[in-house]
Each structure stands twice: as C-alpha cells, then as structure tokens.
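The values are calculated or read from the model by the stated rules, or taken from the named source; none is laboratory data. These numbers come from a predicted model, not from an experiment. Using ideal geometry, Cβ is built from the backbone for each residue, glycine included, and neighbour counts are taken over all protein chains shown.
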C-alpha cells in the first residue's frame, strides 16, 4: 500500500460520500481500495471524536451507578470493517453507517445490562436535547440465530445530529461468548462472524450451543460440545494461543506508565494471533498512529484504536479478548461439559466413551495447570520490578483463574466418586486417580506460592 497523508476531519458532501460508497462496493477487496478513498474514510472516522466522547461520558457514568465492576469502552470502526460492510450490504451508504463509532458496556450480570438499558432510556426521555435514541434492537430478549445476545441502540448527541453512534450493552457472559467467536475466526480462519455457518457448519454449531446458559444445556448438547471440541482439538488450539499471549501481553502491560500516559490504546493482532498494545495520551495522537500503522500494514494485521476508562490488564483482557487473546471464561464451560459428559457416560455404562472424555478432561487440565505454573514463575521473577498495583492485579488474576478451574475439577471428581459407590464396573481407577493426584500436586505448588489465593479462597 502506498504512503498516505494523515487526513483531517473535513466533511464531504452527500454526493461525494455516495460516489465513495460505489467505488468501495466495486473494488475487489478491502486491500485494493485507492489511497485517496482510504484517506476519505479516515477523514470520516475522525469526525466522530467529539460526539463519541459525549456519548461515552453519559453511558460510562450510568453504567457505574448500576454496576461498579462494569467495563466501558469505545472504538471507531476499523477501515477494513467499513469497506467489508459496504461490500456485504448492497443498500449501505458509508455516511449512513450507524456503527462507525460506538460504545460498549459490559455488565457483571444480565439483570445489570437490562437495568442500564432502562436507565439510558429514562435519561434520553428526560434530556432529549443531550441524547436522542434513533433506533434499537434487543438481542437479549430475542437472540440472533447464531446465539448472539446484546442490546444495540443508535443514538445522536446535541450538536451532532448527522452522526449516529452505536451503544452496545451486554452481560459479561454474553460478551465472552461474542468475543470467543472472533477468537475462533483468528485461530481457524472461518469468518463465522461474517458468514455464519457457510464456511464451517461444525464450528458454527459449537458456538451456537455455547451461547446457551450452561444450566439450560441438555446432555446431548454437552456431548456435542465435547465431541466437537475433541474433533477440532479446540481447547488445545485456543490454549496454546492464550498461554503464549498472556506472558507477552503482561510484559507489555507492565511497561506501560499509567500516570504519564492516557487511556487511548491501539490493539494489534497478526494472522498468527500475536498481540501488541500501544498507549497514547490523546485521541488525535492515537488516530494518527492508527492510520500510519494501517497504511503500512502488509500482513493483514487486525488494528483497532480504542479508549478504556481506568484501565487494567483484566479490563483489557475482558473488553478486547478477541484482540489480545489471553483469557475467555466461556472456555470453562467447554471444559466443564467434557468432564460432566465423561461422568454421565460412565453412569450409562458407556465405558469406552467415558475413558476417552475423562482422559481428555485431565489432559487439558494438566496442560492448563502447567501453563499457569509457568506464568506464576514469571510473576515471581518480575514482581519486584513492577508497580504494586500491577503486581496485585496480576496476583488476583492468577488466583481467580486457578479457583475457577479448581471448582470444575472438584465438581467433576465429586460426581465421578459418587458414581463409583453404586456402579459395579471394573475400570482403571488407579490410572484415573493419578490424574487427580497430579493436579493436586500442581495446585499445591500454586497454593504455596501465593498468599493472595488463601485470602480469595476464604
């Protein structure tokens, strides 16, 4: 791609935007757009700075009144995504796109997400000159066919009636699922988000099942999740990426100076899933850097500019797990399903199937624990050189992750041990117990090295 000038936020006429749209629609791909048209798109993107800031101030304040642990971010749509949307939707005009700029609020629970939505509607009714809702879709009440759940609102703020912005409100569970779809796209390359089941019906079905509340999954649902996970080696593939990225991003995060710099970030992920994060003092510097990186992007890296309030590693991992790929709690449900299916197969006298899934369960656990021990060792070598706040958040993150997996282990093992009491079936119990003892040893290693875990356990 040739060198580009850094565009300024100068609005074009409707006719110019329509002609730009047609040129984008008629190009072969997002990477074959002309330099001039890319500069026009960037000029359009930066026009959203002020209205986006106004919307974010409102929604962030309301969100934290509902849930102090909420995570609110905003971003401007990537240039490639704008081009792709125009090419996929024949009637879409680039200047009428409602999600060029948007805020996202991730709430702890679904009830909190609904309450925030209700408060936002009341705010708009009380202060129509400050915020006006132009349209909305409640995908929590009526999920999409693929399982997607979120509340979407199109809004405008005072002084910018021609700039429609998007607000997304969802629970943490719903957000984890949505970002896991994008993570799967990076790892497997099937573009589930854009093309649903056309490229991989199996992986699409997998995520569709995972979109259900875990307590609503039937035995057949859990069995299908376990089967697909085994077929695709899903947890193994994702786990490799997560482990590599966790250490890498921790090192990058520890080098960022929270006091000196602001809260604008550029997230970069290459086609191998390797993350990179850059921090900036203000919006203009971040957008300038974004466009420069985009113009030199020869390797089809995903590049996004975002703002995160009161940033922490945990917030970055949650809000942009599809970019940094360090953690996703939905994977715990996959692991839990594999373990529970194994126990249910044992109860049904399906011993061969039981052995396969139970061995897979402990194999994944063993690898996961060894990875965490490696991270713990890294923490031990770096904790003296990083700020106390970052040291504490790292320690808490380690503890929370260990606890989450440990609870699954105890639950599955307890179910299995209860089954042994009344089923007169001869199996290799000694070998199976070895898995449990090995994990206990690893868990003990962790228990002995972090005081924070003991506090959390209590």
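Would you check if residue 304 is assigned to a loop (DSSP other than H, G, I, E, B), assigned by TED's automatic domain parsing to the domain that holds residue 168, in contact (Cβ under 8 Å) with a residue 24 or more places away in the chain and surrounded by 16 or more Cβ atoms within 10 Å (Cβ to Cβ)?
no
Among (1) out of contact with any helix residue (DSSP H, G or I) (no Cβ under 7 Å at 6 or more places or on another chain); (2) within 17 Å of residue 305 (Cα to Cα), where does residue 89 come up short?
(2)
Is it fair to say residue 139 is in contact with a helix residue (DSSP H, G or I) (Cβ under 8 Å, 6 or more places away or on another chain), surrounded by 15 or more Cβ atoms within 10 Å (Cβ to Cβ) and in the same structural domain as residue 317 (by TED's automatic domain parsing)?
no
If residue 279 satisfies all but one of (1) outside any helix (DSSP H, G or I); (2) in contact with a helix residue (DSSP H, G or I) (Cβ under 8 Å, 6 or more places away or on another chain); (3) without any contact (Cβ under 8 Å) to a residue 40 or more places away in the chain; (4) closer than 23 Å to residue 76 by Cβ, what's the number of the condition it fails?
Tallying (1) outside any helix (DSSP H, G or I); (2) in contact with a helix residue (DSSP H, G or I) (Cβ under 8 Å, 6 or more places away or on another chain); (3) without any contact (Cβ under 8 Å) to a residue 40 or more places away in the chain; (4) closer than 23 Å to residue 76 by Cβ, residue 279 fails exactly one: (2).
Please indicate, with yes or no, whether at least one residue in the stretch 249-257 is under 30 Å from residue 392 (Cβ atoms), without any contact (Cβ under 8 Å) to a residue 40 or more places away in the chain and not in a helix (DSSP H, G or I).
The answer is yes; a qualifying residue exists.
Please specify each residue of the stretch 210-237 satisfying the condition of being buried (at least 18 other Cβ atoms within 10 Å of the Cβ), free of Cβ contacts under 8 Å to residues at least 24 places away in the same chain and within 23 Å of residue 325 (Cβ to Cβ).
Passing the criteria: none in range.
Is it true that some residue in the stretch 266-273 is farther than 30 Å from residue 224 by Cβ, over 15 Å from the mean Cα position of the chain (by Cα) and not assigned by TED's automatic domain parsing to the domain that holds residue 416?
yes
So, in the stretch 97-136, of the ones that are within 23 Å of residue 211 (Cα to Cα) and surrounded by fewer than 18 Cβ atoms within 10 Å (Cβ to Cβ), which residue ends up farthest from the chain's Cα centre (by Cα)?
By that ranking, first place goes to 136.
With respect to residue 283, is the statement that it is closer than 22 Å to residue 47 by Cα and either surrounded by 17 or more Cβ atoms within 10 Å (Cβ to Cβ) or touching a strand residue (DSSP E or B) at 6+ places or on another chain (Cβ under 9 Å) (or both) true?
Judged against the criteria, residue 283 is a match.
Which of (1) in contact with a helix residue (DSSP H, G or I) (Cβ under 6 Å, 6 or more places away or on another chain); (2) at pLDDT below 90 does residue 28 not meet, given it meets every other one?
Going through the list (1) in contact with a helix residue (DSSP H, G or I) (Cβ under 6 Å, 6 or more places away or on another chain); (2) at pLDDT below 90, residue 28 breaks only (1).
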